Number of protein chains: 4
Amino acid sequence: MNSSPKYSTFTSEFKVRPDDIDMFNHVHNSTYFDYVLAARYEQMELHYKMPMEEFLKQGYGWVVRTAFVDYKRALGLGDTFTVETGIETINSKGCRVKFSIKISKTGKIACDGWFDYVMINTSNGKSVKVSDEMIQKYSV
Amino acid sequence: MNSSPKYSTFTSEFKVRPDDIDMFNHVHNSTYFDYVLAARYEQMELHYKMPMEEFLKQGYGWVVRTAFVDYKRALGLGDTFTVETGIETINSKGCRVKFSIKISKTGKIACDGWFDYVMINTSNGKSVKVSDEMIQKYSV
Amino acid sequence: MNSSPKYSTFTSEFKVRPDDIDMFNHVHNSTYFDYVLAARYEQMELHYKMPMEEFLKQGYGWVVRTAFVDYKRALGLGDTFTVETGIETINSKGCRVKFSIKISKTGKIACDGWFDYVMINTSNGKSVKVSDEMIQKYSV
Amino acid sequence: MNSSPKYSTFTSEFKVRPDDIDMFNHVHNSTYFDYVLAARYEQMELHYKMPMEEFLKQGYGWVVRTAFVDYKRALGLGDTFTVETGIETINSKGCRVKFSIKISKTGKIACDGWFDYVMINTSNGKSVKVSDEMIQKYSV
């Protein structure tokens, strides 16, 4: 996790929802995936000017191909947190997005890691090439 | 993902629940985490003779420290699947569990990867040493 | 909740998944909805011979219009339970399904209630008339 | 749904999270329960000056006893919505909370209904009497 994203990073802020809490009284581990997803969707809309809804309308979607998450400390009930993400690499085959989730009140990292995304054709679920135009839009 | 688990592997079979399906009409990516969790709980009870409930009663819990998932093909509505897991390494600091989720009707892999677990004290959330007795129970 | 379903009732058996447990160490209240959904899907396939996948292929889906749930006692980690459902009324506008979730080990009711379902056209989300053929298939 | 709450109503605003969307491309029906829960927690903290964390520390929790939901129109990906809730009745046995979820961009109701809550002792899950002090705090 040493290299920093080549491209811009963006930050979204969210709050833990009560239904995210599991039997250990902290945010359920798989839910952090969904926090990164929420951040990416928001950032695609606000910063890349190409919201997921636009991809879906064109018959495309982004799905996770590989994921790595390093959990450091848990978020709890009522916590506010930020999700910073940035593209590390992007090409016709897909992109790698690094992320870091920080607990707002302490500034400490809850977890970080990366996701490799590929683009799919939503009608048949098969992966498709990311077009040059899309690569350019995301290379900010 | 070349080395195989040193210890026994166990297999559980489950069925996709309708609420697991997301907007892409396949199982939501974070849900595979929960399938591995369900398999581990079942296998702790049936094969390691030390169910999670036992840990919880003693004031302990296992939580994920690091996770890696390689998604190969999606599970869909109505699919039955198996989750094979096995401990690769275990010591006083925790254990690494490898897993492989297979689509029952085709025998093909939906995703595989590994999870590093640490044991925590559920009253304060801090990690604790895995005792020799526990290591022995899990070294089958 | 006094009148019993006019039509056949069917029973499915499931097990609580660890990710269903919330901060109160029992099954999260909204999750019982998903248990009823899972039972209906299984029963549509096994007993009504018209699985949801068939509806979806024809461009239709069933969605909840009104729901009533009476919680009596909570399901916990590791519990197995049954979901008994039966159609109370069905006509061209939709159907009312009564349900009862029982804890297997005690035979006691976890919750019961009913759901009113309407059929929708999945391409635009609008409700459509349930055909006579479908009503007949479901009037068993 | 004609009578209005006797006590104050409060409004929280949230945004649909991508993982809330189900196979019908709208918010999954059981998720609206979680939206009401999120609103209540926020409002307990901001308006009743007694956050759930406070109840939990004292060994108490609020759980749903009965629920009624009337779905009118679905929320979709990217939608922002408000959850207005208000106590209709409260006594030593519990309280009834009415709610109404509105789609922000249209002002139309997504769903409304009510929840009956009882207070439980979190150590054994049994219901307990709501104290006069608590009733007073909530009778605003």
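The values are calculated or read from the model by the stated rules, or taken from the named source; none is laboratory data. Bear in mind that the values here come from a model prediction, so they are computed numbers and not experimental data. Using ideal geometry, Cβ is built from the backbone for each residue, glycine included, and neighbour counts are taken over all protein chains shown.
Residue B:125 passes every criterion in (1) touching a residue at least 40 places away in the same chain (Cβ under 8 Å); (2) at positive phi apart from (1). Within the option set C:101, C:109, being aliphatic (A, V, I, L, M), over 24 Å from residue C:50 (Cβ atoms) and modelled with pLDDT of 95 or more holds for one residue only, C:109.
When the stretch D:38-73 is filtered for residues that are within 11 Å of chain C (Cβ to nearest Cβ), within 14 Å of the chain's Cα centre (by Cα) and at pLDDT 95 or above, the ones remaining, listed by number, are D:65, D:66, D:67, D:68, D:69. Just wondering, is there one or more residues in the stretch B:34-42 that are under 29 Å from residue A:35 (Cα atoms) and of a type in the set (Gly, Ala, Ser)? Yes, because at least one residue in the stretch B:34-42 is under 29 Å from residue A:35 (Cα atoms) and of a type in the set (Gly, Ala, Ser). Only a single criterion out of (1) surrounded by fewer than 18 Cβ atoms within 10 Å (Cβ to Cβ); (2) out of contact with any Gly (no Cβ under 8 Å at 6 or more places or on another chain); (3) within 8 Å of another protein chain (Cβ to nearest Cβ) is not satisfied by residue A:77, namely (1). Regarding residue D:98, is this residue more than 19 Å from residue C:33 (Cβ to Cβ), basic (Lys, Arg) and either within 11 Å of chain C (Cβ to nearest Cβ) or touching a residue at least 24 places away in the same chain (Cβ under 8 Å) (or both)? Judged against the criteria, residue D:98 is a match.
When residue C:138 is tested against (1) modelled with pLDDT under 95; (2) at positive phi, exactly one condition is not met: (2). Take the residues in the stretch A:5-56 that are outside any helix (DSSP H, G or I) and free of Cβ contacts under 8 Å to residues at least 12 places away in the same chain, then tell me which one is surrounded by the fewest Cβ atoms within 10 Å (Cβ to Cβ). Checked the stretch A:5-56; the qualifying residue surrounded by the fewest Cβ atoms within 10 Å (Cβ to Cβ) is A:51. Screening the stretch D:12-22 for residues that are at the interface with another protein chain (Cβ under 10 Å from one of its Cβ atoms) and in contact with a Phe, Trp or Tyr (Cβ under 9 Å, 6 or more places away or on another chain) and picking the one that is farthest from residue C:124 (Cα to Cα) gives D:14. Within the stretch A:82-92, none of the residues are over 14 Å from the mean Cα position of the chain (by Cα) and within 30 Å of residue A:17 (Cα to Cα).
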